[in-house]
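K.L.:
One structure, pasted below without further comment.
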Amino acid sequence: MRDLVKRAFESFKTDYKNLEIPILESYEKNYRCDFSTETLKRFSKYQNIIVIGMGGSILGTKSIYSFFKKKVKKNLFFFDNLDENLHIQFRQIKNLKNSCFIIISKSGNTLETIANFSIIFSKSLIKNKLIFITESKDSVLTNLANKFNAEIIEHKDFIAGRYSVLSEVGMFPTALMGIDINKFKNLRKLIKNKNFVSSLIQNVASIYTLNIQGVKSSVIFNYDSSLNDLSFWYQQLVAESLGKKGRGITPILSFGPKDHHSVLQLYLDGPKDKFFTFMNLSKKKNKYKTPKNFFSSNIDFLNNKNLDLLIKAQFNAVKNIINVKKIPFRQIIISKRNEESLGMIFTFFVLETILLARLINVNPFDQPAIEEIKLETKKILLR
């Protein structure tokens, strides 16, 4: 199986060198995002950054913000669903006038994005604080941008939303956070790195083998809340790229140790149709701990324990039992909280998904069934 994946990887590299996978351009170091220093400077003065989008237009930015939240000095708010509670929370933002608004849709016609923008729209609040990221073609968003004399950053038509995190879509709001966007991109270097490539091939071979054997559900079990949004980004990437022609992998999200008290019983003792990806950070700084002499002798092992130590113990306990039960799993431990580490994770998962798509013979860059839902929704609203 490993030889088969090696051949798929060599075929991928050939296509990549021949510029036949343009969707990966934004993962290269020399990719230059299509927004000016002047634009960046003009929008950087705002304390609140309101991002409106759906799916791949917003999940990557949320992943980055959650990962770096402790060091980001800006406040970000995301309209990522049609949800009354989001509008209630939006109106509770302090100093709302000190806000800029980024509206993102590849097509420029995403129903939820347009609806959310129209609901919060106020000329006095939004005037001169708007920027749209969308394709340079006639659409609802380009028409709105022209109407309000707002700037448009081009969403490249060859970059699908779920692959857009390192393009203008994710990098413009990331730059506003004060994060170095140039450090995320290392595709050319990574596919020449023996350890990276070996790990990529081994993981793809293992997942494909399990898929053939009927293990078609992937549980992403996350033990650090700053990685929660990364889990949601990965879920979309896998589901939307591979779920076609009756094939694919079903990504399931779980969050530890909370889910030890709900779905873990099923995972350990239910159908053996899942494999696990454990995600965590190796080094954490946490000031919270249990008191020194709070617990009596029967549970005195809980005295004077750091919160992260308690989580780590549960994390390791689950891995140990899963190993004993011979349930397939892998672990992704991020050693450093920096741009290079997160950029490498984005790149690894994207390449893994593209290679798996080649092996199961599906197109990882389209989403035909979703287009059906969009058309059906429009039909219902027109009745």
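The values are calculated or read from the model by the stated rules, or taken from the named source; none is laboratory data. Quantities reported herein were computed from a predicted structural model and do not represent experimental measurements. As a convention, Cβ positions derive from the backbone with ideal geometry for all residues, glycine included, and neighbour counts pool all protein chains shown.
K.L.:
Given the condition in contact (Cβ under 8 Å) with a residue 40 or more places away in the chain, under 30 Å from Ser44 (Cα atoms) and in a helix (DSSP H, G or I), answer yes or no: does some residue in region 189-204 qualify?
P.N.:
No: region 189-204 contains no residue that is in contact (Cβ under 8 Å) with a residue 40 or more places away in the chain, under 30 Å from Ser44 (Cα atoms) and in a helix (DSSP H, G or I).
K.L.:
Considering only region 296-306, state which residues are outside any loop (DSSP other than H, G, I, E, B) and more than 39 Å from the chain's Cα centre (by Cα). Give the steps one after another, and end with the answer.
P.N.:
Start the filter on region 296-306 by keeping residues that are outside any loop (DSSP other than H, G, I, E, B), which leaves 297-302, 306.
The answer is Ser297, Asn298, Ile299, Asp300.
Here's the yes/no breakdown for (1) surrounded by fewer than 11 Cβ atoms within 10 Å (Cβ to Cβ); (2) at pLDDT 95 or above; (3) not in a helix (DSSP H, G or I):
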residue: Leu253; (1), (2), (3): no, yes, yes
residue: Gln265; (1), (2), (3): yes, yes, no
residue: Pro271; (1), (2), (3): yes, yes, yes
residue: Phe278; (1), (2), (3): no, yes, yes
residue: Lys283; (1), (2), (3): yes, no, yes
residue: Phe294; (1), (2), (3): no, no, yes
residue: Asp308; (1), (2), (3): no, no, no
residue: Lys312; (1), (2), (3): no, no, no
residue: Ala317; (1), (2), (3): no, yes, no
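K.L.:
Now for a different question. Out of (1) outside the structural domain of Asn149 (by TED's automatic domain parsing); (2) among the small types (Gly, Ala, Ser); (3) surrounded by fewer than 22 Cβ atoms within 10 Å (Cβ to Cβ), the odd one out for Ser66 is which?
P.N.:
Only one criterion in (1) outside the structural domain of Asn149 (by TED's automatic domain parsing); (2) among the small types (Gly, Ala, Ser); (3) surrounded by fewer than 22 Cβ atoms within 10 Å (Cβ to Cβ) is unmet by Ser66, namely (1).
K.L.:
What's the total number of residues in region 24-51 that are within 19 Å of Lys156 (Cβ to Cβ) and either assigned by TED's automatic domain parsing to the domain that holds Ser107 or part of a loop (DSSP other than H, G, I, E, B) (or both)?
P.N.:
12
K.L.:
Looking only at strands (runs of 3 or more DSSP E) that lie completely in region 52-158, which have at least 3 residues being of a type outside the set (A, V, I, L, M)? Spell out how you get there, then give the answer.
P.N.:
Working: elements: 75-79, 99-104, 130-134, 151-154.
Ranges flagged: 75-79, 99-104.
K.L.:
Return the only residue of Gly214, Gly170 being outside any helix (DSSP H, G or I) and modelled with pLDDT of 95 or more.
P.N.:
Matching residue, one of Gly214, Gly170: Gly214.
K.L.:
Count, please, the residues in region 336-363 that happen to be out of contact with any strand residue (DSSP E or B) (no Cβ under 8 Å at 6 or more places or on another chain), under 26 Å from Tyr65 (Cβ atoms) and not hydrophobic (A, V, I, L, M, F, W, C).
P.N.:
Within region 336-363, the subset out of contact with any strand residue (DSSP E or B) (no Cβ under 8 Å at 6 or more places or on another chain) is 336, 338-340, 343-344, 346-363.
After this cut, where a residue has to be under 26 Å from Tyr65 (Cβ atoms) as well, the list is 336, 338-340, 343-344, 346-354.
Right, trim to not hydrophobic (A, V, I, L, M, F, W, C) and you get 336, 338-340, 343, 347, 352-353.
Residues meeting the conditions: 8.
K.L.:
Is it the case that some residue within region 187-199 is crowded, with 19+ Cβ neighbours inside 10 Å and closer than 30 Å to Lys73 by Cβ?
P.N.:
Taking every residue of region 187-199 in turn, at least one turns out to be crowded, with 19+ Cβ neighbours inside 10 Å and closer than 30 Å to Lys73 by Cβ.
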